[in-house]
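Structure first, then comments.
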Amino acid sequence: MSKYDVIIIGGGHNGLVCASYLSKKGYKILILEKNEKLGGLVNCASSLNGFSSKILGDLNIKLPKLNYNSYIVALHSEQQHTILQENNNKINFIKSNANEENQKKFSSLINKYKIYASTLSNFMYEVPPRLKSGKSKDTWQLINMGWKIRKLGKKNMREFLRVIGLNIADDLEDNLRDNTLMGLLSHEAILGSNLGPRSPGSILSLLYKQAIQNGLFASEKYDFHQLIPSLEKNCLDQGVEIKNNANVKKIITTNNQATGVILDNEEKIEAGIIISNADPKTTYFDLLGTEPLDTDFIRRAKNIRTKGNIAKLTITLKENPLIINIEKEKMNAKFIYAPDINYIERAFNASKYNKYNENLCFEFHHCVNVIVANIYYVPYVKNNTHDKEKLIQHSINLLKPFISNLEIENAELITPNEIEETYNVMGGHWHHGDFEIDQMLMMRPFYGSAQYTTPIKNLYLCSAGTHPGGGITGINGRNAAKKIIRDKI
Amino acid sequence: MSQTNISYKQPLLETPFHEKTREKCYAHDWHKWAGYKVVKQYTSAELEYTAIRNTAGVIDITPMHKYSVQGKDAKKFINKLITRNIDNIQPNQVVYALWCNEDGFLVDDGTVFCFDENNFRICSGERNLNWFEDTAIGFDVTIEDISHSIAALAFQGPLSCKILHMLNANKIENLKPFCFDQFTINNQEITISRTGFSGDLGYELWCDPSQAHEVWDALFSFNKDYKILAAGLDALDMVRVEAGFIVVNADLIAAEHALRPNRMRTPYELGLAWMVNLDKEFFTGKEALIKQKNKGVEKKLIGLDVQGDKPAVGSVLYDGSKKEIGIVTTAMWSPTLKSNIAMGYVNKEFIKLGSKILAEIYHPEELEYRKIWAQCKVVKKQFLNLERRNAVPALI
């Protein structure tokens, strides 16, 4: 008999959440983490606002809430910044160059998106139905999902179904005239996905992200440094074993059934259930190997879009940064530079061909004298041929016009390629795959691998590559645990 | 090769045998096959058919797709690809193989040539590079499309061995069916396999394009006495029906091509259950095929002995109460069997040998159709089973 019931590959937040739920049901669990530190991609994140409060409640974890008014600053190249405030999911204008009509239209547009996002958020906590299973339960669930969309009302439903296929630029240009506001919303729609403002489906991407993170702008609500330690403590309290620096080399299968894993040091560990918190591509191509997988299945796995395009820049300054034309009390804002739709689209165009033009977009915030910035589009390139020195210099040049006292002590940059290598995320994609209509719900990560299951018996997925998707929500881990518990009864 | 010769004036490639085939092609009846121009009929299909069954026919099959599979995992890869088990395959052996998609539907069929443990060649009717490459992800194999660099002739008929023997192909009569070897004819070293699409004694000759003319001429060098003929694809189609061989995208729609999912077929529906080895550890489509085997097929491709002499081309099949139960995929008058044969799909109630069904034949008669209700009997798909096909030593 093996010592463990369950092995979870990867100690990211979803792995920890999944372990917590399963251990409550009495499973003996081992978590294998490749790195020294637990948390996976959370270590790469700069804020946390979408972690599911339902899960925190279920697991009885209390995370300290950060209770301040959060500002969003859309930087303007001539220092005429637009300042918004997000308060209880309401967005107010503090300062803007846009006229009143544009501000009004902006607010109504945001309200429209909010309604649609809340419709989508209904689906987050459900294991999506299986298509073509022939089971009435799945059919009912599908009907139920349709009903929830229908509940928007005739007019709203039509509008919802109209916009989900559209690109965000079209909808913005139909409604607004102010470049900064348009850039700002485009930024939120595409950040983290390999889309441009004119890519079809970028509205859906925005809605979906809003649904996941429970708000439009990802302004910090929890102290995210506390998240992983709290989850870890919760796991350890319930008897979950955690092994750091344990890189899984292979998942062992016999007769199409997962039976254990082999570590880098050739150690073999057996368990009845294997859950992979690595992204689906890594799971199938590296950990499992393609041998026991059908060709069509491999094709679909190969074709999920997981190209990342965000580099994370961390710079330490000699003193706290000062932003030109921004008062001190608003310095805890999130700063966004995505000046207009065409600017973003041009940056995206270059990245499509694995090049980057120097005019990139970014968002950043600061904590004391450290600035953490997400720079995009820095494409994922084959063989990691990035010239990092040049990249860092470019990135700093981008920040320079806005910060009056930019004296740098240290600068570090993580490219999508490095994210791939460090966190077992093929392509270095934040969310393990774009949020597009063919990579969502029962199609996430792809047909044949949805519902957290795999073609291999007793091998499950719980990573961001599954429904509902990325962001730091923990819902994937929870849903996977629910599915496993349901399967095993 | 002649790939560079494509232009808007000449949109089709010419095979290395083109000069030779053009000479003989009085009917000027060409067929487009995989981007090549090959002969459909030289003079008349029936005449060429008669040659294949009575002397021998030479068919240019160069356009056939050929893929070389090389590497450490070549055997493992092929075992994952095809439904048969080739664990015990020996060098110089050929196996007929099917490959299916995840739902068990046929992607294509073809022949697998084993040169050694790490070196195989797959020949198929349809393009498969994409399918092979996706199947090969994670395997240490290199797959290369070598279709254009190998010229191929089918040499089929009762005299085929005799003529190769007279050309001093060393002990060709001892070459077993589904085996191949190197032979020298007319000073050209070429590969000859005892394979074919005629259900008759026959060989396939594989050579470098530069050897094509020499090989072609050699085959015809005894024609003063033996009268072998160049045969076109129409004649080949006649002999293959008699032999009960299927053609992908004629008797079924390849899974990669079908727009309508219910047009795809599994090996069980094609009556090729013997080709599926479910004991093998894994191959694409295994699970779906296990399911279908347990459940049984809904319809199946069967052979039909049709009353009368009017081919049941495209006929709809009915039961005694004229309820529709199937459709004919291929039909012809068989000159050798002197009977009216057809292949078609029927519902599972009628797949038993001897079942009686009706075919609704619309026979064209000078701008009008004559409608015939023909009685049919379900028979084995292999209408013609010739002893000489598999005899070793072969007839010389």
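The values are calculated or read from the model by the stated rules, or taken from the named source; none is laboratory data. All of these numbers come straight from a predicted model, not from anything done at the bench. Note that each Cβ is placed from the backbone with ideal geometry, even for glycine, and that neighbours are counted across all protein chains shown. Just so you know, the surface numbers come from the protein's heavy atoms only, side chains and all, with ligands and any DNA or RNA stripped out. Shrake-Rupley method; radii C 1.70, N 1.55, O 1.52, S 1.80 Å.
Brief remarks follow.
- Scanning the range B:96-108 for residues that are within 18 Å of the chain's Cα centre (by Cα) and open to solvent by less than 20 Å² (accessible area, probe 1.4 Å) gives B:97, B:98, B:99, B:100, B:106, B:107, B:108.
- Of the residues making up the range B:145-157, none is farther than 21 Å from residue B:36 by Cα and free of Cβ contacts under 8 Å to residues at least 40 places away in the same chain.
- Taken over the range A:267-304, the criterion of being β-branched (Val, Ile, Thr), within 20 Å of residue A:466 (Cβ to Cβ) and more than 7 Å from every other protein chain (Cβ to nearest Cβ) is satisfied by A:273, A:274, A:275, A:282, A:283, A:304.
- Residues in the range A:18-51 that are at pLDDT 95 or above and either in a strand (DSSP E or B) or closer than 26 Å to residue A:334 by Cβ (or both): 4 in all.
- Evaluation of residue B:21 against (1) hydroxyl-bearing (Ser, Thr, Tyr); (2) under 19 Å from residue B:228 (Cβ atoms); (3) open to solvent by 70 Å² or more (accessible area, probe 1.4 Å) (one fails), failing number: (3)
- The set of residues in the range A:325-355 being in contact with a helix residue (DSSP H, G or I) (Cβ under 9 Å, 6 or more places away or on another chain) and open to solvent by less than 60 Å² (accessible area, probe 1.4 Å) consists of A:326, A:335, A:336, A:337, A:338, A:339, A:340, A:341, A:343, A:344, A:345, A:348.
- Residue ID - most open to solvent (accessible area, probe 1.4 Å), chosen from residues in the range B:128-179 that are within 14 Å of chain A (Cβ to nearest Cβ) and of a type in the set (Val, Ile, Thr): B:137
- Scanning the range B:118-127 for residues that are open to solvent by 10 Å² or more (accessible area, probe 1.4 Å) and in contact with a His (Cβ under 9 Å, 6 or more places away or on another chain), we see that the one that is farthest from the other protein chains (Cβ to nearest Cβ) is B:125.
- Count of residues meeting criterion [outside any helix (DSSP H, G or I), away from chain B (no Cβ under 14 Å) and either touching a Lys or Arg at 6+ places or on another chain (Cβ under 7 Å) or more than 25 Å from residue A:188 (Cα to Cα) (or both)] in the range A:437-452: 3
- Residue A:54, sole failed condition from (1) surrounded by fewer than 19 Cβ atoms within 10 Å (Cβ to Cβ); (2) assigned to a loop (DSSP other than H, G, I, E, B): (2)
- Residue check for residue B:201: more than 14 Å from chain A (Cβ to nearest Cβ), touching an Asp or Glu at 6+ places or on another chain (Cβ under 7 Å) and crowded, with 19+ Cβ neighbours inside 10 Å: no
- A search for C-beta distances below 7 Å between a residue of the range B:284-296 that is surrounded by fewer than 16 Cβ atoms within 10 Å (Cβ to Cβ) and any residue that is in a helix (DSSP H, G or I), counting only pairs 6+ apart in sequence or on different chains, returns B:296/B:348.
- Qualifying residues in the range B:252-263 (those that are over 28 Å from residue B:87 (Cβ atoms) and among the aliphatic types (A, V, I, L, M)) - the one nearest to the other protein chains (Cβ to nearest Cβ): B:258
- Top-ranked residue of the range B:275-314 - restricted to ones that are among the polar types (S, T, N, Q) and in a helix (DSSP H, G or I), ranked as nearest to the other protein chains (Cβ to nearest Cβ): B:292
- Qualifying position, being surrounded by fewer than 21 Cβ atoms within 10 Å (Cβ to Cβ) and either touching a residue at least 12 places away in the same chain (Cβ under 8 Å) or in contact with a Ser or Thr (Cβ under 7 Å, 6 or more places away or on another chain) (or both), among A:309, A:320: A:320
- Among the residues of the range B:345-373, the one identified as in contact (Cβ under 8 Å) with a residue 60 or more places away in the chain and closer than 24 Å to residue B:269 by Cβ is B:345.
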